[in-house]
Amino acid sequence: MNPGPLDGLHHITAITGDAAANVDFYTRVLGLRLIAKTVNQDDPTVYHLFYADEHARPGLDLTFFEYPHAAPGRAGAGMVHTVVWRVASDEALTFWDERLKAEGVPVTREATSVHFKDGEGLAHELIINSTDDIPLVADHPEIKPEVALQGFEGVRAYSAHLEGSQLMLDELMGAERLDDEHGVRYEFRAQRRGGWIAFDEAPAELGTQGAGVIHHVAWATTDADLQGWIDHVNANKVPNSGFVDRHYFHSLYFREPGGILYELATLEPGFTVDGLSVEELGTKIILPPRLEPMRELVEAKLTPLPDPRADWPSGQ
């Protein structure tokens with residue numbers, strides 16, 4: 001028997017080789033909010049950047065490890081290759097088609113979707129939201145709430161062992177199989193929201209980690225359910241990390257049969273655990289308590305990043 005159901009996507013983590021350009025694209029162009037400038041807890045010499053909605057809620061939590069000057073990566077079998085976002089309407093798709101083209105971003109507009117890549121090649125797809133989930137929207141002076149990105153819809157991936165990937169999602173993780181105009185998908189949905197993963201035919205070329213590549217995806221759970229998930233994957237003899245304290249949430253990592261790294265991340269305690277108000281998030285480098293005594297050394301190794309909201313018009 002599965003523990004409590006997973007609550008859609010918690011976060012998606014990718015790799016960038018240029019933190020400054022990454023911040024510019026995801027905040028100024030896409031309108032997300034930089035909610036945390038912190039470091040990779042496994043390698044505190046590099047940034048870990050978090051973008052989210054205005055209230056830093058899981059479900060629109062796109063994060064990047066920065067490895068300065070990292071070579072471009074390539075998604076292959078065993079990797080997630082596209083982030084799928086929700087928008088409210090066809091008018092929103094038109095807005096993004098025009099906005100991205102004005103920024104020099106190549107865009108493919110289809111009847112019910114918009115496709116584009118960031119400057120390092122990470123693929124994105126926008127589709128119209130058909131759920132009743134609360135929209136996760138960030139404030140932006142140039143992007144009205146009715147056309148803003150509304151959070152994650154799902155991810156598209158390549159599997160090195162499709163049958164095994166599907167079996168784990170269905171039997172071990174309790175996903176629901178959906179088959180509609182978006183193709184075959186496996187959805188996790190609980191009381192808060194839903195999110196899915198779909199598989200495309202993998203390219204012949206091997207995938208490589210690098211800039212513009214997704215490192216892992218995290219599905220949302222709770223502190224109350226996390227130990228049950230740890231016991232569950234152990235009982236099914238799935239190699240895993242065990243409990244990991246990420247300070248802002250608690251996690252369990254394991255690799256599914258097709259090669260994709262999954263994380264189960266808790267909704268608690270959230271990004272205000274350091275005592276910052278929601279309004280203060282993203283304004284300074286935050287460190288987990290174990291790294292705080294080394295702040296001066298850690299900050300000296302990081303490239304200074306400007307506040308992306310510093311030049312906003314007054315009143316924003």
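Scanning segment 281-316 for residues that are among the aliphatic types (A, V, I, L, M) and assigned to a loop (DSSP other than H, G, I, E, B) turns up Leu281, Ile286, Leu287, Leu302, Leu305, Ala310. Look at Val273 and say whether it is among the β-branched types (Val, Ile, Thr) and either out of contact with any strand residue (DSSP E or B) (no Cβ under 8 Å at 6 or more places or on another chain) or under 29 Å from Ala71 (Cα atoms) (or both). For Val273, the condition - among the β-branched types (Val, Ile, Thr) and either out of contact with any strand residue (DSSP E or B) (no Cβ under 8 Å at 6 or more places or on another chain) or under 29 Å from Ala71 (Cα atoms) (or both) - is met. Consider segment 94-119. How many of its residues are buried (at least 16 other Cβ atoms within 10 Å of the Cβ), part of a helix (DSSP H, G or I) and not hydrophobic (A, V, I, L, M, F, W, C)? Count: 2. How about segment 64-93: which of its residues are in a strand (DSSP E or B) and of a type in the set (S, T, N, Q)? Passing the criteria: only Thr82. So, of the residues in segment 195-214 that are surrounded by 22 or more Cβ atoms within 10 Å (Cβ to Cβ), among the aliphatic types (A, V, I, L, M) and assigned to a strand (DSSP E or B), which turns out to be nearest to the chain's Cα centre (by Cα)? Taking the candidates together, the pick is Ile214.
Working carefully through the options Gly228, Gly258, find the one that is among the small types (Gly, Ala, Ser), assigned to a loop (DSSP other than H, G, I, E, B) and either out of contact with any Pro (no Cβ under 7 Å at 6 or more places or on another chain) or at negative phi (or both).
On the way: Gly228 fails: assigned to a loop (DSSP other than H, G, I, E, B).
Among Gly228, Gly258, only Gly258 is among the small types (Gly, Ala, Ser), assigned to a loop (DSSP other than H, G, I, E, B) and either out of contact with any Pro (no Cβ under 7 Å at 6 or more places or on another chain) or at negative phi (or both).
Per-residue answers, yes or no, for (1) part of a strand (DSSP E or B); (2) of a type outside the set (A, V, I, L, M, F, W, C); (3) surrounded by 14 or more Cβ atoms within 10 Å (Cβ to Cβ); (4) in contact (Cβ under 8 Å) with a residue 40 or more places away in the chain:
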residue	(1), (2), (3), (4)
Lys144	no, yes, no, no
Ala148	no, no, yes, yes
Met168	no, no, yes, yes
Arg177	yes, yes, no, no
Arg185	yes, yes, yes, no
Arg192	no, yes, yes, yes
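Confirm whether Glu125 is over 14 Å from Ala148 (Cβ atoms), surrounded by 16 or more Cβ atoms within 10 Å (Cβ to Cβ) and in contact with a Phe, Trp or Tyr (Cβ under 8 Å, 6 or more places away or on another chain). The answer is yes for Glu125.
If you go through segment 42-67 and keep only what is in contact with a helix residue (DSSP H, G or I) (Cβ under 9 Å, 6 or more places away or on another chain) and at pLDDT below 90, you end up with Pro44, Thr45, Val46, Tyr47.
Among the candidates Val233, Val217, Val238, the residue that is assigned to a loop (DSSP other than H, G, I, E, B) and surrounded by 15 or more Cβ atoms within 10 Å (Cβ to Cβ) is uniquely Val238.
The values are calculated or read from the model by the stated rules, or taken from the named source; none is laboratory data. These numbers were taken from a predicted model, which means no experiment stands behind them. Every residue, glycine among them, receives a Cβ derived from its backbone with ideal geometry; neighbour counts consider all protein chains shown.
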